[in-house]
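First up is the structure itself, then whatever we jot down about it.
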Amino acid sequence: MSTVIWILLFVLGALTLAYNRASLLTATLVYGGGLLAYGLFGEPSLPWLIVLWVVLAVLVFLNIDALRIRFISRPFLRTYRRMLPSMSQTEKDALEAGTVWWDGELFSGGPDWEKLLSAAAPKLTAEEQAFIDGPCEELCRMIDDWDLTHRRADLPPHLWDYVKSKGFFAMIIPKKYGGLEFSAYAHSCVLVKLASRSGVVASTVAVPNSLGPGELLLHYGTQEQRDHYLPRLARGEEVPCFALTGPRAGSDAASIPDSGIICKGMFEGREILGVKLNFSKRYITLAPVATVVGLAFKLFDPDKLLGTDKTDYGITCALIPRHTPGITIGRRHFPMNAPFQNGPIQGKDVFVPLDYLIGGIKMAGQGWRMLVEQLSVGRCISLPSSATGAAKAAVFATGAYARIRRQFNVPVGQFEGVMEVLARMTGTTYIMDAARSVTAGAIDGGEKPSVPSAMLKYHLTEYGRSIANDAMDIHGGKGICLGPKNYLGRGYQLVPVAITVEGANLLTRSLIIFGQGAIRCHPFVLREMNAAKDKDKRKGTIDFDAALFGHIGFTISNAVRSMVMALTLARFSRVPETGGTQRFYQHINRFSASFAFATDVAMLTLGGYLKKKESLSARLGDVLSCMYLASMVLKHYENQGRQEADLPLVEWACRNLLYKAQEQLHTFLRNFPNRFLAAFMRFFIFPRGQTYHAPSDPLSQELVDQVLHPTVTRDRLTDGVYRTVEPTNPLGLLHEALVLSETAEPLEKRIRVEGVKTGKVTALDLPGQIQQALAAGLLSETEAAMLRDYDRRVMDIVNVDDFATEELVAGQQPVELRPARVSNA
Ligand SMILES: Cc1cc2nc3c(=O)[nH]c(=O)nc-3n(C[C@H](O)[C@H](O)[C@H](O)COP(=O)(O)OP(=O)(O)OC[C@H]3O[C@@H](n4cnc5c(N)ncnc54)[C@H](O)[C@@H]3O)c2cc1C
């Protein structure tokens with residue numbers, strides 16, 4: 001054999017070993033065997049042979065633990081310790097919160113699909129289903145969104161009573177305390193339905209079930225606190241709010257200046273040891289009507305009255321009744337003309353007993369950990385589910401509207417320009433529904449997925465924003481003119497609220513998704529960091545050595561896997577048998593390897609500076625999110641029983657996401673500061689350039705056909721939307737008109753072709769044309785009646801409200817005009 005063939009064999013062998021993640025020992029043995037064979041059967045030149053033997057010697061050296069640690073790992077550990085960025089306790093708490101789930105697999109460069117596919121599909125119990133079909137349906141029926149957003153700026157009393165008495169505020173409270181104890185999935189489905197009817201009601205219900213007093217008490221409260229508050233919260237006798245952020249600390253909530261000083265004071269006529277609180281909070285949802293305030297503040301014990309040496313405890317949470325002296329509460333903010341209850345709270349020298357601290361004094365200083373831990377669950381449900389409900393409603397309505405609204409004698413949904421937008425709405429809603437339901441299922445399976453919670457919060461609310469815009473575009477003026485007949489405007493106005501709360505989106509994308517993921521989900525980084533900080537230096541060095549060499553092997557393997565899969569378009573990558581969707585699994589495998597490789601190079605070369613290069617880490621976070629969302633789509637398709645009719649949606653969703661992943665990787669490389677390294681990474685990630693394609697126009701057309709007609713796919717996609725046909729539910733009426741359009745359209749066409757074009761029908765509007773077509777024998781009496789009825793319904797939907805000027809003036813009673821007070825001025 002010629003030398004070239006031997007070299008090829010060596011290269012191929014090395015690639016195979018790296019691709020399959022062979023251990024160092026296996027690689028050394030295989031290489032040694034190959035070298036022996038080359039020596040015996042090849043005709044190597046001496047210098048060439050010496051080089052190969054030196055490589056073997058290095059490999060053997062690396063296999064000897066004592067030598068490797070002494071000469072490589074230990075010296076490197078010293079440098080690593082110096083490089084390691086310092087981390088505050090709040091950052092540590094955030095990093096350690098929750099669990100690592102599918103996000104960890106995507107960081108591995110070779111996700112174990114069995115893990116995802118074997119997870120049980122989320123399912124409602126009979127009781128949960130009955131709640132959605134019963135009280136939830138009834139609540140939707142009772143809602144008059146225009147009345148509560150425009151006339152009252154509040155829920156009417158009977159709606160407040162209903163949500164409290166039926167347990168809408170108690171979905172996460174266990175039955176033994178009188179709550180509903182719903183699964184995360186059921187909780188999510190309730191919010192989907194409510195959000196499809198009213199964003200204000202959905203927000204009102206979401207808050208007590210999300211991060212707040214109920215959740216905190218359940219996990220950290222003392223038994224007395226649980227026994228006292230949980231039954232009262234479950235019965236709706238207490239309305240909670242949770243106050244963390246304020247005028248000086250918004251995104252950087254850990255820097256709140258609100259303080260609690262341990263001191264003695266008078267409480268209910270007795271002198272006791274307690275906490276004197278001074279705080280100023282704003283934007284607090286439900287605050288104006290809350291009876292009990294969950295409060296986050298920094299606890300200090302300057303006089304060491306708690307009997308320890310500690311004076312600064314850090315962030316602590318307490319539960320404080322509304323009427324505690326010193327609290328100012330009740331005024332309201334006006335969030336985007338969709339006025340759910342939200343307002344400021346101030347406290348001046350509010351003295352409360354130590355029993356008010358959630359979890360008692362033993363949880364003093366644990367507030368931040370409590371909050372971030374609970375955020376891992378709450379952030380997966382409230383906003384993602386509400387955004388999905390609103391998106392489903394928008395697609396449900398827009399599909400029907402684009403069919404019944406005709407311009408240029410054609411349903412507007414059939415114009416290519418509209419089709420592209422409607423396809424985007426449809427495919428995106430499928431992604432949202434998949435992500436919220438599969439992730440809720442994982443929570444019900446015991447996960448507390450903190451990185452996915454940030455991904456869902458960011459991407460699903462951004463998708464919600466894009467869908468709200470798209471729906472507006474397709475509806476034209478119909479979406480813009482507010483009034484009882486408008487079913488889009490309020491949802492559109494609420495979009496910035498979802499974007500801003502529970503971690504504002506720019507911050508979540510730039511700092512949290514990748515920043516937390518890179519350390520938390522990476523198979524080696526946290527191990528290296530923990531080993532470097534281990535007080536037992538010997539153990540720390542051994543652990544560090546194992547993690548470091550695992551990490552090096554991992555990076556080499558991912559580089560090879562990335563290149564091989566990019567060259568072969570991942571055709572040979574092993575994935576489960578899923579009938580029709582395997583290619584998407586393969587492409588995720590490819591991007592997972594490329595992402596893991598790029599992540600390692602970026603972290604190794606930029607270190608702590610990567611945190612400052614927010615655009616770079618945001619792009620890597622986008623790649624991770626796209627892979628996560630595409631995985632959710634594939635699992636959702638499996639969970640729904642592989643409905644073939646939904647395949648175009650699956651393809652659109654995966655193509656859209658994986659194309660975005662590719663483009664974000666490309667943009668990451670284009671902006672990587674070290675151009676040599678960027679070229680080096682590009683060689684492994686895009687050896688054939690950017691080969692993945694976005695969804696095509698014919699595919700978009702297939703999607704649009706599914707929502708412009710009353711199909712089963714449309715029903716499945718918009719499952720959960722409040723669609724009952726009744727005069728006050730525009731969505732129900734729209735769907736009814738869509739069903740009728742299937743019969744009406746051929747009749748309209750007959751009038752056009754056989755009537756208008758032949759001159760037998762000359763009227764300019766449809767009612768007149770129907771009359772003439774009837775007279776000319778082009779329509780039967782029944783057909784004419786049907787078409788008249790259809791036209792009446794369509795015009796009823798297309799029409800918008802108009803008002804006398806006085807009706808639009810704020811408030812029903814004259815109000816004293818004065819400037820609004822600036823809260824916390
Ligand atoms: C309607 C509503 C309801 C709310 N309900 C509650 C509640 O019930 N309880 C509660 O405690 N709080 C609540 N909040 C507060 C909410 O959590 C904060 O608004 C949010 O944390 C953002 O703070 P901020 O508005 O002060 O924006 P800022 O912190 O001033 O941020 C301004 C912008 O800068 C961006 N930004 C900040 N830091 C970074 C960074 N490092 N990288 C990139 N971008 C960054 C943000 O993303 C944002 O876009 C609510 C807010 C609203 C509007």
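The values are calculated or read from the model by the stated rules, or taken from the named source; none is laboratory data. The structure presented is a predicted model; accordingly, all values stated were derived computationally and were not measured. Cβ placement follows ideal geometry from the backbone for every residue including glycine, while neighbour counts extend to all protein chains displayed. When the accessible area is computed, the model is the full protein with side chains, heavy atoms only, and any ligands, DNA or RNA have been set aside. Shrake-Rupley method; radii C 1.70, N 1.55, O 1.52, S 1.80 Å.
In this structure, is residue 94 outside any helix (DSSP H, G or I) and within 19 Å of residue 455 (Cβ to Cβ)? Criteria not met by residue 94.
Of the residues making up the stretch 205-254, those that are within 10 Å of the ligand (Cβ to nearest atom) and surrounded by fewer than 23 Cβ atoms within 10 Å (Cβ to Cβ) are 245, 247, 248, 249, 250, 251, 252, 253. State whether one or more residues within the stretch 618-627 are part of a helix (DSSP H, G or I) and surrounded by fewer than 20 Cβ atoms within 10 Å (Cβ to Cβ). No: the stretch 618-627 contains no residue that is part of a helix (DSSP H, G or I) and surrounded by fewer than 20 Cβ atoms within 10 Å (Cβ to Cβ).
Residues of the stretch 515-547 that are under 19 Å from residue 599 (Cα atoms) and among the aromatic types (Phe, Trp, Tyr): 524 alone.
The residue pairs whose first member lies in the stretch 88-105 and is within 23 Å of residue 591 (Cβ to Cβ), whose second member is open to solvent by less than 20 Å² (accessible area, probe 1.4 Å) and assigned to a loop (DSSP other than H, G, I, E, B), and whose beta carbons are closer than 8 Å, counting only pairs six or more residues apart or on different chains, are 100/521; 102/111; 103/521; 104/521; 105/111. Among the conditions (1) more than 12 Å from the ligand (Cβ to nearest atom); (2) not in a helix (DSSP H, G or I), residue 377 misses just one, which is (2). Scan the stretch 97-122 for residues that are on the phi < 0 side of the Ramachandran plot, more than 20 Å from the chain's Cα centre (by Cα) and not in a helix (DSSP H, G or I) and report the count. Residues flagged as on the phi < 0 side of the Ramachandran plot, more than 20 Å from the chain's Cα centre (by Cα) and not in a helix (DSSP H, G or I) within the stretch 97-122 amount to 6.
Please pick out the residue among 507, 494 that is open to solvent by 30 Å² or more (accessible area, probe 1.4 Å), within 14 Å of the ligand (Cβ to nearest atom) and in contact (Cβ under 8 Å) with a residue 12 or more places away in the chain.
Sole residue among the options that is open to solvent by 30 Å² or more (accessible area, probe 1.4 Å), within 14 Å of the ligand (Cβ to nearest atom) and in contact (Cβ under 8 Å) with a residue 12 or more places away in the chain: 507.
Scanning the stretch 255-266 for residues that are more than 16 Å from the ligand (Cβ to nearest atom) and either in contact with a Gly (Cβ under 6 Å, 6 or more places away or on another chain) or part of a helix (DSSP H, G or I) (or both) yields one hit, 265.
Out of 480, 499, 513, report the one residue that is more than 16 Å from the ligand (Cβ to nearest atom) and either touching a Cys at 6+ places or on another chain (Cβ under 7 Å) or hydrophobic (A, V, I, L, M, F, W, C) (or both). So that I can check it myself, show each step before the final result.
Working: 499 fails: more than 16 Å from the ligand (Cβ to nearest atom); 513 fails: more than 16 Å from the ligand (Cβ to nearest atom).
When all the criteria are applied, what remains is 480.
Being among the polar types (S, T, N, Q), touching a residue at least 40 places away in the same chain (Cβ under 8 Å) and either farther than 18 Å from residue 623 by Cα or more than 16 Å from the ligand (Cβ to nearest atom) (or both) is a description that applies to residue 466. Pairs meeting the criteria (first residue in the stretch 604-615 and in contact (Cβ under 8 Å) with a residue 12 or more places away in the chain, second residue more than 15 Å from the ligand (Cβ to nearest atom) and open to solvent by 100 Å² or more (accessible area, probe 1.4 Å), beta carbons under 7 Å, at least 6 apart or on different chains) are 607/83. You will find that of 775, 763, the residue that is without any contact (Cβ under 8 Å) to a residue 40 or more places away in the chain and open to solvent by less than 60 Å² (accessible area, probe 1.4 Å) is 763 and no other.
Contact map, the stretch 272-288: first residue within 17 Å of residue 357 (Cβ to Cβ), second residue within 7 Å of the ligand (Cβ to nearest atom), Cβ cut-off under 8 Å, separation 6 or more or different chains; pairs are 279/243.
Residues in the stretch 136-157 that are touching a helix residue (DSSP H, G or I) at 6+ places or on another chain (Cβ under 8 Å) and either at positive phi or surrounded by 19 or more Cβ atoms within 10 Å (Cβ to Cβ) (or both): 136, 139, 140, 143, 145, 148, 149, 154, 155.
Among the listed residues 294, 274, identify the single one that is open to solvent by less than 10 Å² (accessible area, probe 1.4 Å) and within 11 Å of the ligand (Cβ to nearest atom). Don't jump to the end; show me each part of the working.
Values: 274 fails: within 11 Å of the ligand (Cβ to nearest atom).
Checking each option against the conditions leaves just 294.
Table: residues versus (1) touching a Pro at 6+ places or on another chain (Cβ under 7 Å); (2) in a strand (DSSP E or B).
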| residue | (1), (2) |
| --- | --- |
| 274 | yes, yes |
| 283 | no, yes |
| 305 | no, no |
| 315 | no, yes |
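Taking first residues from the stretch 562-574 that are over 13 Å from residue 689 (Cα atoms) and partners that are surrounded by fewer than 23 Cβ atoms within 10 Å (Cβ to Cβ) and among the β-branched types (Val, Ile, Thr), the Cβ contacts under 9 Å between residues at least 6 apart in sequence or on separate chains come to 570/564; 572/564; 573/564. Does residue 328 satisfy being more than 10 Å from the ligand (Cβ to nearest atom), surrounded by fewer than 22 Cβ atoms within 10 Å (Cβ to Cβ) and outside any strand (DSSP E or B)? The answer is no for residue 328.
Report yes if some residue within the stretch 588-607 is more than 24 Å from the chain's Cα centre (by Cα), of a type outside the set (Val, Ile, Thr) and surrounded by fewer than 18 Cβ atoms within 10 Å (Cβ to Cβ); otherwise report no.
Start the filter on the stretch 588-607 by keeping residues that are more than 24 Å from the chain's Cα centre (by Cα), which leaves 597, 600-607.
Restricting the remaining residues to those that are of a type outside the set (Val, Ile, Thr) gives 597, 600, 602-604, 606-607.
Applying the additional criterion that residues be surrounded by fewer than 18 Cβ atoms within 10 Å (Cβ to Cβ) yields 604, 607.
The answer is yes, given that some residue of the stretch 588-607 is more than 24 Å from the chain's Cα centre (by Cα), of a type outside the set (Val, Ile, Thr) and surrounded by fewer than 18 Cβ atoms within 10 Å (Cβ to Cβ).
Is it the case that the stretch 448-462 has a residue that's open to solvent by 30 Å² or more (accessible area, probe 1.4 Å), more than 13 Å from the chain's Cα centre (by Cα), away from the ligand (no atom under 16 Å from the Cβ) and modelled with pLDDT of 95 or more?
Looking only at the stretch 448-462, we keep the residues that are open to solvent by 30 Å² or more (accessible area, probe 1.4 Å), and these are 448, 458, 462.
So of that shortlist, the ones also more than 13 Å from the chain's Cα centre (by Cα) come out as 448.
Adding the requirement that they be away from the ligand (no atom under 16 Å from the Cβ) leaves 448.
Narrowing the set further to residues that are modelled with pLDDT of 95 or more leaves none.
Within the stretch 448-462, none of the residues are open to solvent by 30 Å² or more (accessible area, probe 1.4 Å), more than 13 Å from the chain's Cα centre (by Cα), away from the ligand (no atom under 16 Å from the Cβ) and modelled with pLDDT of 95 or more.
The one condition from (1) within 16 Å of the ligand (Cβ to nearest atom); (2) open to solvent by 20 Å² or more (accessible area, probe 1.4 Å); (3) assigned to a helix (DSSP H, G or I) that residue 564 does not meet is (1).
Considering only the stretch 365-411, state which residues are open to solvent by less than 20 Å² (accessible area, probe 1.4 Å) and closer than 22 Å to residue 748 by Cβ. Those that are open to solvent by less than 20 Å² (accessible area, probe 1.4 Å) and closer than 22 Å to residue 748 by Cβ: 397, 398, 399, 400, 401, 402, 403, 404, 411.
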